[in-house]
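The values are calculated or read from the model by the stated rules, or taken from the named source; none is laboratory data. Bear in mind that the values here come from a model prediction, so they are computed numbers and not experimental data. Note that each Cβ is placed from the backbone with ideal geometry, even for glycine, and that neighbours are counted across all protein chains shown.
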Amino acid sequence: MTERIDGHTLLIGLMAYPIRHSMSPTMHNNAFAKLGLNFAYLAFEITNDTLPAAVQSIRTLDMRGSNISMPNKQKIIPLLDKLDPATEMIGAVNTVVNDHGVLTGYTTDGIGFMKSLDDEGLDIRGHKMTLAGAGGAGTAIAIQAALDGVKEMSIFNRHDEFWDNAKRNVDIINEKTDCKATLHDLADQDDYKAEIQSSFIYADATSVGMNPLQDQTLVTDPTWFNNPDQIVFDTVYAPRTTELMKVAEKAGVKHVFNGLGMMLEQGAAAFKLWTGKEMPVDYIREVLF
Ligand code: NAD
């Protein structure tokens, strides 16, 4: 690291709170070192209160950009100059790029989801997806998948504070993309099972399956997965094998994934926006895991 940093090094930040647990600094700094790029990535504890000054510092310090995470993903929008079109539809930002003082916001989670499937040689474009969840990850996945060409999407959520968001996601997809989206209540188990069984891919973007819900899964009955060629995708990556994945594997589903590939590819997409280079994803996977 010390060999790389000099008077020309460009800084990239991560602005969130809490953030000390993040793997992103290790991911990006190792990728910069591997490719010999003169960038450094640092995490900053930034709350909604300190966000305006932090965003201004991107301009003042001529930083190349920043990642943005909780609780700042929505609050940052009015502080930026531009949003890319998909990000405008998603309504949340996880990456900022500074082009000579002009700050543009992007969201790379949905791109990471789609790319991680491409990496496995699986193309969900033109097919039907059933998706559980309409929070940050669920929204990014739904909108990116619809923009990229998923033909039909059944979005499930429970009646909690994210229900209206699920409704909004369905409306915006139907209005602005060629995908036909429908809204469903997770409580209707017969409907849930039928939609999963008629889908090419089932993706879970809820908090179920990760700490403190790591012993739970929304689908407990392996007979719900009656097609071994189906894709079952859990966005959770800690634990590495979630309860949902165990149920799908028990059912004999061949394509069962956790969220590790998505996490790496969302980082790779941000890396490309800042540097113009492909992140060495296989190398980073070895470094991190
Ligand atoms: P969020 O808080 O924005 O959304 C949570 C979602 O889970 C909502 O749809 C909510 O209704 C649903 N939910 C919560 N508890 C539930 C329960 N008991 N039963 C049914 N639904 C429930 O969170 P987020 O940031 O969107 O994260 C959601 C998941 O996505 C997490 O598991 C997280 O690990 C994962 N994620 C993965 C990546 C990745 O790169 N792989 C990136 C971001 C998030």
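Observations, loosely collected:
- Test set (1) crowded, with 16+ Cβ neighbours inside 10 Å; (2) within 14 Å of the ligand (Cβ to nearest atom) - A251 fails condition number: (2)
- One residue alone among T130, T139 is in contact with a helix residue (DSSP H, G or I) (Cβ under 7 Å, 6 or more places away or on another chain), within 8 Å of the ligand (Cβ to nearest atom) and either in a loop (DSSP other than H, G, I, E, B) or touching a residue at least 24 places away in the same chain (Cβ under 8 Å) (or both), and that residue is T139.
- Single residue of T87, T107 found to be away from the ligand (no atom under 13 Å from the Cβ) and among the hydroxyl-bearing types (S, T, Y): T87
- Of everything listed in (1) crowded, with 21+ Cβ neighbours inside 10 Å; (2) away from the ligand (no atom under 16 Å from the Cβ); (3) touching a residue at least 40 places away in the same chain (Cβ under 8 Å); (4) of a type outside the set (K, R), the single unmet condition for G261 is (2).
- Residues of region 71-124 that are out of contact with any helix residue (DSSP H, G or I) (no Cβ under 7 Å at 6 or more places or on another chain), under 19 Å from I12 (Cβ atoms) and small (G, A, S): none at all.
- One residue from Q197, Q216 being closer than 21 Å to L122 by Cα and free of Cβ contacts under 8 Å to residues at least 60 places away in the same chain: Q197
- Leading residue by the ranking (nearest to W274 (Cα to Cα)) among those in region 58-88 that are out of contact with any strand residue (DSSP E or B) (no Cβ under 8 Å at 6 or more places or on another chain) and of a type in the set (S, T, N, Q): T60
- Odd one out for Q74 among (1) more than 16 Å from the ligand (Cβ to nearest atom); (2) more than 20 Å from T177 (Cβ to Cβ); (3) free of Cβ contacts under 8 Å to residues at least 24 places away in the same chain: (1)
- Of M129, M114, all but one fail to be under 30 Å from M63 (Cβ atoms) and modelled with pLDDT of 95 or more; the exception is M114.
Quick grid of which residues meet (1) among the small types (G, A, S); (2) in a strand (DSSP E or B):
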| residue | (1), (2) |
| --- | --- |
| Y41 | no, yes |
| Q56 | no, no |
| M89 | no, no |
| S116 | yes, no |
| Q144 | no, no |
| V150 | no, no |
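- Residues of region 207-244 satisfying the condition of being aliphatic (A, V, I, L, M), in a strand (DSSP E or B) and within 17 Å of the chain's Cα centre (by Cα): V232
- Annotation note: Cβ proximity below 6 Å between a residue of region 265-289 that is more than 12 Å from S24 (Cβ to Cβ) and away from the ligand (no atom under 13 Å from the Cβ) and a residue that is part of a helix (DSSP H, G or I) and polar (S, T, N, Q) (sequence gap 6+ or interchain) occurs for V287/N30.
- Subset of region 162-206 that is of a type in the set (A, V, I, L, M) and in a loop (DSSP other than H, G, I, E, B) - its residue that is surrounded by the most Cβ atoms within 10 Å (Cβ to Cβ): A205
- Scanning region 250-265 for residues that are under 14 Å from M210 (Cα atoms) and part of a helix (DSSP H, G or I) yields a single hit, L260.
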